[in-house]
1. By count of other Cβ within 10 Å, fewest leading, how are I90, I51, I84, I65 ordered?
2. Amide H of D81: which non-local residues (sequence gap of 5 or more, or other chain) have their own amide H closer than 5 Å, using H built in the peptide plane?
3. Would you mind checking which residues have amide H under 5 Å from R58's amide H? H placed 1.01 Å from N; only 5 or more apart, or other chain.
4. Any idea what the relative contact order of the range 20-94 is, in percent, if you count C-alpha pairs under 8 Å spaced at least 6 apart?
5. In whole Hz and in residue order, list the ³J(HN,Hα) couplings for the range 62-74 that follow from phi through the Karplus curve 6.51 cos²θ - 1.76 cosθ + 1.60, θ = phi - 60°; x for Gly and Pro.
6. In straight Cα distance, which aspartates and glutamates are under 19 Å from K36, not counting same-chain residues fewer than 8 positions off?
7. HN-Hα J couplings of the range 43-60 from phi, Karplus 6.51/-1.76/1.60, θ = phi - 60°, integer Hz, Gly and Pro as x?
8. Over all directions, how big on average is the projection of the convex hull of the alpha-carbon atoms in the range 20-94, in square nanometres?
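Bear in mind these aren't lab numbers, they're just calculated from the coordinates by the rules spelled out. Treat the numbers as computed from the prediction; the structure is a model and nothing was measured. Neighbour counts are summed over all protein chains in view; Cβ atoms, including those assigned to glycine, are modelled from backbone coordinates with ideal geometry.
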Amino acid sequence: MRLKSKSDVMLIRLLIFSCSDLVDGLSYYITDGEFKKAFSPFGDIKEVRLIRDDTTKRPKGYGFIAYASQAEAMRAVEAMDGRIFGGRLIFVELAKPNQPSSKS
């Protein structure tokens, strides 16, 4: 597939992000395996990414789950948003791509 313009690249980014969930409120001690196991009942997981502190290497309390389809990502949002996981209330939503800042 050949990309013709910057808008084509943005479209592909939007499609990728529409299949990913942002999960906030995670334990600072969660492992990648625990994170993946909790979200695997909702679909085929393509990527698990916990955001970690550069110094301590411990999770910062949020991460991303990428699913094979948007329907799977939505199932995870509906099932897990507002649930207690690892003793903490978590919030799950579809991930949104970073928008470039509009500094003048």
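1. With the sparsest Cβ surroundings first, the list reads I84, I51, I90, I65.
2. Amide H to amide H, under 5 Å and 5 or more residues apart or across chains, D81 pairs with V92.
3. D53
4. Relative contact order here is 42 percent.
5. 8, x, 10, 10, 9, 9, 5, 9, 5, 4, 5, 4, 5
6. Within reach: D21, D24, D44, E47, E72, E78, D81, E93.
7. x, 7, 7, 9, 7, 10, 9, 8, 7, 10, 5, 4, 7, 8, 6, 7, x, 8
8. For the range 20-94, the mean projected area of the Cα convex hull comes to 4.2 nm².
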